[in-house]
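Everything below concerns the one structure shown next.
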């Protein structure tokens, strides 16, 4: 095999030439692999000689499989020798010449783009100062109280904030409409779960009372058939409950936490809020310095990488929608857009994501920042009574889990490096 490499901007043109013997070997391998597919009269299936199959179906019957079978063998051999070639996608392959004397193939390879780093040392990025307000602590305690609230049935008329169980049937022009009927529906008055002025008209009703409630659907309502339409709901109140919150005192603290006094509980909540804010402030600082470094760097990003990142964004969005029981096709129809429009909207974000990733990779390479087996073992064995060796750890973790751990450790080392070399 002979080859030559020519760089053209951010692409490499790799020309691979096989002589007569190498090409013949590739065709013979393709024949051996595929001969069982051919049924030739006078021969048992899979036993027909190659020449007979070629005479029957044409001389080039095995050429496509021969190319598929031999190209990557020699392609990866070239990549092993030419270390500067770092493909970001499968190559585009064309036949330049084909004869009995051999074959010449040309592969166009999109290469990992060159990153020209701006300043990434000696920068200054301030970290937000962190404080905790008394109102934030009170809000957390209120959430704890809400989670321990009791619901008590009452017989008085409905008030704002009550929880009611209702039956309802909605009509437009005297005709029931789809989705407008409910039985034993639980509704918090004042939650604005229903359209404007629906819940307000339930206030004052008693258990067992039935009432017609007049509303008008908004002009921008999501259901086309209901937009701007007046409707009448026949509503029956079947049950009324009010929410009783526990008294917030030392007993409350003792019941819902490991603390015996309310003061101790508040102190613990304050420390946790502060720790969370510290993490948020540190993450914001990291994002700011990374943006500063990325903006100061330059790189010509191939559209291939941007397209791939856009597809990743869409797949992730589709995955998150599925947890809400939605399909992306239904979402775009509801929003009056298209998947292609979504891709266009995400393109700028995708380009920035790719550029940031390339800048990080360049700094990691230039500064020789890597993850060692010792790093993995230390991370994995943290908190374990009986530490495992690195070989045992690699048996415990699958490839995906190991890669996830290595990536997390690598990013930590990256930001530790930035912190050590900048004013942060």
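Can you tell me how many residues within segment 115-127 are outside any strand (DSSP E or B) and surrounded by 12 or more Cβ atoms within 10 Å (Cβ to Cβ)? Write out each step before concluding.
Let us first name the residues in segment 115-127 that are outside any strand (DSSP E or B), namely 117-123, 125-127.
Add one more test, that the residue is surrounded by 12 or more Cβ atoms within 10 Å (Cβ to Cβ), and what stays is 117-118, 120-121, 123, 125, 127.
Number of matching residues: 7.
Which of (1) assigned to a helix (DSSP H, G or I); (2) farther than 27 Å from residue 301 by Cα does residue 415 not meet, given it meets every other one?
Single failed check for residue 415: (2).
Identify, by number, the condition in (1) within 30 Å of residue 421 (Cα to Cα); (2) in contact with a helix residue (DSSP H, G or I) (Cβ under 9 Å, 6 or more places away or on another chain); (3) surrounded by 15 or more Cβ atoms within 10 Å (Cβ to Cβ) that residue 292 doesn't meet.
(2) is the only condition that residue 292 fails.
Yes or no, residue by residue, for (1) under 26 Å from residue 283 (Cα atoms); (2) in contact with a helix residue (DSSP H, G or I) (Cβ under 7 Å, 6 or more places away or on another chain):
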site: 52; (1), (2): no, no
site: 60; (1), (2): no, no
site: 70; (1), (2): no, yes
site: 88; (1), (2): no, yes
site: 98; (1), (2): no, no
site: 107; (1), (2): no, yes
site: 113; (1), (2): no, yes
site: 122; (1), (2): yes, no
site: 142; (1), (2): no, no
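Exactly one condition in (1) surrounded by 12 or more Cβ atoms within 10 Å (Cβ to Cβ); (2) part of a helix (DSSP H, G or I) is not met by residue 330; state its number.
(1)
Test residue 203 against the criterion of being more than 18 Å from residue 217 (Cα to Cα), without any contact (Cβ under 8 Å) to a residue 60 or more places away in the chain and more than 39 Å from the chain's Cα centre (by Cα), and give yes or no.
Values: more than 18 Å from residue 217 (Cα to Cα): yes; without any contact (Cβ under 8 Å) to a residue 60 or more places away in the chain: yes; more than 39 Å from the chain's Cα centre (by Cα): yes.
Yes.
Given the residues 126, 169, which is the only one that is touching a helix residue (DSSP H, G or I) at 6+ places or on another chain (Cβ under 8 Å) and farther than 30 Å from residue 76 by Cα? Break it down stepwise before answering.
Details: 169 fails: touching a helix residue (DSSP H, G or I) at 6+ places or on another chain (Cβ under 8 Å).
Among 126, 169, only 126 is touching a helix residue (DSSP H, G or I) at 6+ places or on another chain (Cβ under 8 Å) and farther than 30 Å from residue 76 by Cα.
Consider residue 158 carefully, then state whether it is surrounded by 12 or more Cβ atoms within 10 Å (Cβ to Cβ), part of a loop (DSSP other than H, G, I, E, B) and touching a residue at least 24 places away in the same chain (Cβ under 8 Å).
Numbers: surrounded by 12 or more Cβ atoms within 10 Å (Cβ to Cβ): yes; part of a loop (DSSP other than H, G, I, E, B): yes; touching a residue at least 24 places away in the same chain (Cβ under 8 Å): yes.
Yes; evaluated as a whole, the condition is true for this residue.
Just to be sure I understand the filter: pairs with C-beta atoms under 7 Å, separated by 6 or more residues or on different chains, first member in segment 30-43 and in contact (Cβ under 8 Å) with a residue 24 or more places away in the chain, second member part of a helix (DSSP H, G or I) and surrounded by 11 or more Cβ atoms within 10 Å (Cβ to Cβ). Which pairs pass?
Taking only residues 6 or more apart or on different chains, the pairs are 30/65; 30/66; 30/69; 31/50; 33/65; 34/65.
Residue 167: under 30 Å from residue 361 (Cβ atoms) and touching a residue at least 40 places away in the same chain (Cβ under 8 Å), yes or no?
On the way: under 30 Å from residue 361 (Cβ atoms): no; touching a residue at least 40 places away in the same chain (Cβ under 8 Å): yes.
Spelling it out, it is not the case that residue 167 is under 30 Å from residue 361 (Cβ atoms) and touching a residue at least 40 places away in the same chain (Cβ under 8 Å).
Exactly one of (1) over 16 Å from residue 239 (Cβ atoms); (2) surrounded by 15 or more Cβ atoms within 10 Å (Cβ to Cβ) is unmet by residue 182. Its number?
Unmet condition: (1).
Checking the conditions here, which among 376, 369, 301 is surrounded by 12 or more Cβ atoms within 10 Å (Cβ to Cβ) and in a helix (DSSP H, G or I)? Give the derivation first.
Values: 369 fails: in a helix (DSSP H, G or I); 301 fails: in a helix (DSSP H, G or I).
Just one listed residue meets the conditions, 376.
Coordinate-derived values only; no laboratory data. Remember, predicted model here, so these are calculated numbers, not experimental data. Methodologically, a virtual Cβ is constructed for each residue, glycine included, from the backbone with ideal geometry; neighbour enumeration extends over all protein chains shown.
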